[in-house]
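Structure record follows, encoded as structure tokens.
Just so it is clear, none of the values below were taken in a lab; they were calculated from the coordinates. Computed from a predicted model, the values in this text were never measured in an experiment. For neighbour counting, all protein chains shown are included, and Cβ atoms are generated from backbone atoms with ideal geometry for every residue, glycine included.
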Ligand code: RIB
């Protein structure tokens, strides 16, 4: 990599409790699952780990509970070489957790209990301000309070730092709080919740991206899962086709996409190539179980990229 990007994630960290079963239980029903996996997750943490595995220097700003999961999560960040100087443990609240249910086709359903993530406030961003000012990119998701997200977008803008907002999980927004971000990267569900428009076809995806641009976002990258991604700006829109893979667990694929995209772009690659590379990185993550533990190293990614000739 010609330039080592400096990437900050101001975001969540959870512990994922993933159950694999043949189907989801009906209301009132108990069924047997086939497998269970305990792993580190949280959209912010996952994006930080993806960015680190792709070769960036990564700085994490997060809050954890004073429980087993909190200490273990700090150690997990440190094991990847992520700067944890602003990952704080707080009393009186649990760490974030996410019970996750995965069906045989890899499709998942997630319940997030935000716990300590909800205590990450603008004051924490100010406390990390000097370090944040040295970053090339700040990445945000929706598992921390909206006031902190909005504050950080403005912080990034005032300091000339690239800002990527991933509005996950889906929540309605006040676009004026967020549209100073350089990239707004929702998936279909998130885009539907924000615009009120359906995203079942490419045509609908284009209309939805246009609606997001009309809310004042400069660049929209609409991720479409196994159908690829749509990169849209006021000047143009382009569909980036997916890389074919056999998915076993799609959990965290969106995070793999965002974290790796931030690195590829930060390293100076052209935007379209950064999207194509991030699409492959995310696709590869679906071929293994778990979230962070399914993310490929940069070397594994490059070898697959070469094998596939860099084309979907
Ligand atoms: O995007 C996947 C993540 O969503 C999981 O790791 C879970 O913790 C939830 O935040």
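What the table below lists for this structure:
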{"item": "Estimated distance in nm for a label pair at residue 78 and residue 38, the labels positioned 7 Å out from Cα along Cα-to-Cβ", "result": "2.0 nm"}
{"item": "Share, in percent, of DSSP beta bridges within the chain that are antiparallel, nearest 5", "result": "40 percent"}
{"item": "Residue-span extension gain [residue 235 to residue 271] - 0.36 nm each, minus C-alpha spacing", "result": "11.5 nm"}
{"item": "Size of the range 262-307 as Cα extents on the principal axes (Å, biggest first)", "result": "31, 21, 14"}
{"item": "Theoretical gain in end-to-end length, residue 126 to residue 210 [0.36 nm per residue, Cα-Cα removed]", "result": "26.8 nm"}
{"item": "Euclidean distance between Cα centres, the range 29-61 to the range 188-243, Å", "result": "25 Å"}
{"item": "GNM flexibility winner over the chain from 196, 11, 44 (Cα, springs under 10 Å)", "result": "196"}
{"item": "Full-stretch length increase - residue 203, residue 105 - with 0.36 nm per residue and alpha-carbon distance subtracted", "result": "32.7 nm"}
{"item": "Rg/Rg_ref, the chain, where Rg_ref = 2.2 N^0.38 Å and atoms are Cα", "result": "0.93"}
{"item": "Packing-based exposure ordering (other Cβ within 10 Å, fewest first) of 251, 311", "result": "311, 251"}
{"item": "Choice from 63, 35, 207 with maximal GNM fluctuation in the chain (Cα, 10 Å cutoff)", "result": "35"}
{"item": "Value at 222 nm in deg cm²/dmol, rounded to 500, when DSSP H runs of n ≥ 4 in the chain each add -39,500 (n - 2.57)", "result": "-10500 deg cm²/dmol"}
{"item": "Residue order, fewest to most surrounding Cβ atoms within 10 angstrom, among 18, 30, 73, 119", "result": "30, 119, 18, 73"}
{"item": "Fewest-first ranking of 111, 82, 7, using other Cβ atoms within 10 Å as the exposure measure", "result": "111, 82, 7"}
{"item": "Estimated inter-spin distance, residue 170 and residue 226, nm [label 7 Å along Cα→Cβ]", "result": "1.9 nm"}
